[in-house]
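Enquirer: Quick one: the structure is below, and I'll ask about it shortly.
Just so it is clear, none of the values below were taken in a lab; they were calculated from the coordinates. Model, not experiment: these values are computed from the prediction. Neighbour counts are summed over all protein chains in view; Cβ atoms, including those assigned to glycine, are modelled from backbone coordinates with ideal geometry.
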Amino acid sequence: TETETSIIITYNGNTYTLSKIGIVPTCNIGDLPSITFRGLTVILSNDAKGLLSSAAQRMRSNPDCKIIVKGYNCSTSLAERQRSWDRVKNVIDHLVQNEGISASRFIFQYSQSGGDCEYVDLAGANQNQTGGGTVPPRPTS
């Protein structure tokens, strides 16, 4: 959404107003759940499906939000990278196929560091994050 913003500066007793047109964040979706996968599984549990159903409600209430779906890995092995990719893909597929959320709203991130490899996190994207609707190729080497 485009919004005009103004900055007011007082310098040497004079007041200046600087106006600028900018893009402001449109995603105020708040916290979204982390989806847990135990062990080597890539299949969504019934609990995970329930969490995704609740998240989908919030996504429908915030139609301008893009959503980051981020999977992690515990090592850089091919099997770990594929498992991370499969988990992210299954989360997105469930939201698209079972909850009716457009695939173009999802930013697919897999094999990320800094998180627990048994989780896939969902989060609202910042306005400057690009992407959405693109599924990267599954790792093969």
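Enquirer: Rounded, prolate or oblate: which fits the stretch 94-141 when a ≥ b ≥ c are the square roots of the eigenvalues of the alpha-carbon gyration tensor, with rounded for a/c under 1.5 and prolate only if a/b beats b/c?
Expert: On the way: a/c = 1.40, a/b = 1.27, b/c = 1.10.
Rounded, since a/c falls under 1.5.
Enquirer: Rounded to whole Hz and in sequence order, give me ³J(HN,Hα) for the stretch 131-141 from the Karplus expression 6.51 cos²θ - 1.76 cosθ + 1.60, θ = phi - 60°, writing x for Gly and Pro.
Expert: Result, rounded to whole Hz: x, x, x, 10, 9, x, x, 5, x, 10, 8.
Enquirer: Projecting each Cα onto the charge dipole of the stretch 84-141 (Lys/Arg +1, Asp/Glu -1 at the beta carbon, about the Cα centre), which of Ser84, Ser141, Cys117 comes out farthest on the positive side?
Expert: With unit charges placed on the Cβ atoms, the residue in question is Ser141.
Enquirer: Which FRET efficiency, nearest 0.05, do Ser102 and Asn46 yield, Cβ-Cβ r, R0 25 Å? All intermediate terms of the calculation are to be shown ahead of the outcome.
Expert: Numbers: r = 25 Å, r/R0 = 0.98.
So, using R0 = 25 Å, E works out to roughly 0.55.
Enquirer: Simple spin-label model, 7 Å along Cα-to-Cβ: Asn128 to Gln112 in nm?
Expert: 1.7 nm
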